[in-house]
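A short reminder: the numbers here are calculations on the coordinates, not readings from a lab. Keep in mind that this is a model prediction, so the values were computed, not measured. No Cβ is skipped: glycine too gets one built from the backbone with ideal geometry, and neighbour counts run over all protein chains shown.
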Amino acid sequence: MATKAHALSLQIIAKCSTTKARTCKMTLPHAVVDTPVFMPVGTQGTLKGLVPEQLEELDCKIMLGNTYHLGNRPGPELLEKAGGLHKFMSWDRALLTDSGGFQMVSLLKLAEITEEGVKFQSPHDGSEMLLTPEKSIEIQNSIGADIIMQLDDVVHSTTTGPRLEEAMYRTIRWLDRCLKAHQRPHDQNIFPIVQGGLDRELRIKCAKELTKRDVPGFAIGGLSGGEEKTYFWKMVDVSTDYLPENKPRYLMGVGFAEDLVVCSALGCDMFDCVFPTRTARFGTALTPDGQLNLKNNTFAQDFRPIDADCPCSTCKTYTRAYLNTVVTTETVACQLLTVHNVAYQLTLMKGIRESIIEDKFPEFIKEFFRRYFPKGDYPAWAVEALAKVNVSLS
């Protein structure tokens, strides 16, 4: 198949000589993104509590929007009139949208999946709606994100048997329908999604099939849904083994700090998760020494910043004692903690990238785990996963 030009190029800057990690420059229509990268999730064209300028101050180059939510409100017609989501939300950097399929399964009890698409009841007026691969791409073409996702047949991560195989093969068929329906290949990039649950052979089969298509990058889906971590890392590992080196690999829905470090070592380039923003709303701050629950009274007279080494505006200005007074009661606290938590994730990824360039990533990993788990109670799955890529935490 002749390769056509995509609206994405990937330049590998450095590879870790021990693990599968690499750092790249991914050039998209709206930004050049350094990978490995964490992408904050802005469900409705906004990160809860933050404005786009604050994200720019944190040097965030790419964020997410949710097709399902944006398709409902404000809707594709209004977004087209506004000139796409970038203009609508005043964000001139890169955007990625999901396909909408995951919300159908996670939010709505009354979802029925057929070969045609996902049939569900509207949460707004109870009317029946059908999201097809073609409709998902049509909505995403209106939104105008730099990277858009195929509609995939999403099953729970612990599903086994014929339904799992059916979902994997249907995902491949739906990809072909998405590619055919795609109206903006010159400025939007479709990523197919590797499915196959916790079945190694299905994952391999799916990755091999997807890589036959001329696409600009790949996503690894169907994980981070409650499955045991020992299975999770093995599926990530096998997926990156069978995906091409010259294209970005996006691990969907992963955002805990230890997951970002381990999965970068397993060869993933892109990550997203609501965790840092959601946990901020519950009064939790992320730090290199683990999580701080700022509701805890031990912080009531603690006049230090959350993290003295953090460059964010919250750490420069406010104390733990002040935050203890306002978390979960004043709306400003959500903003202050979200700024910090997103800064923490972005700083962590910057550290990963720099250590790969210096070829010191194994040392970075060991130092990260030493600080994050000061008692040495490292998660068994992480120890196992890192051993597979030649890093010993013992």
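Taking 1 over the mean of 1/r across every pair of different Cα atoms in segment 244-290, what Kirkwood radius in Å do you get?
Numbers: mean 1/r = 0.0845 Å⁻¹.
Roughly 11.8 Å, rounded to one decimal.
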Give the Cα extents of segment 201-251 along the principal axes, in whole Å, largest first. 33, 20, 15
Size of segment 323-394 as Cα extents on the principal axes (Å, biggest first): 47, 28, 16
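Could you tell me what percent of the DSSP beta bridges with both partners in the chain are antiparallel, to the nearest 5?
Working: 22 of 43 bridges.
Beta bridges within the chain, antiparallel portion: roughly 50 percent.
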Over the chain - Rg/Rh using Cα atoms and the Kirkwood inverse-distance radius: 0.96
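Multiply the residue gap between Lys208 and Arg173 by 0.36 nm, knock off their C-alpha separation, and tell me the result in nm, one decimal place. Present the calculation step by step, with values, prior to reporting the outcome.
Working: separation 35, 0.36 × 35 = 12.60 nm, distance 1.39 nm.
That pair, Lys208 and Arg173, stretches by 11.2 nm at full extension.
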Size-normalised alpha-carbon gyration radius of segment 29-83, reference 2.2 N^0.38 Å: 1.24
Ranked from highest to lowest mean number of other Cβ atoms within 10 Å per residue, what is the order of the peptides 207-217, 12-22? 12-22, 207-217
Taking H placed 1.01 Å from N in the peptide plane, check which residues at least 5 places from Val194 or on another chain put their amide H under 5 Å from its amide H. Ala219, Ile220, Gly221
Here, Glu56 and Ala300, labelled 7 Å along Cα→Cβ, have an inter-label distance in nm of 4.2
Anchor Lys360: lysines whose Cα lies under 17 Å away (excluding residues fewer than 8 positions away in-chain): Lys15, Lys20, Lys350
Percent breakdown of C-alpha pair distances by 10 Å bin, ordered from the shortest bin, for segment 115-269: 11, 39, 36, 13, 1
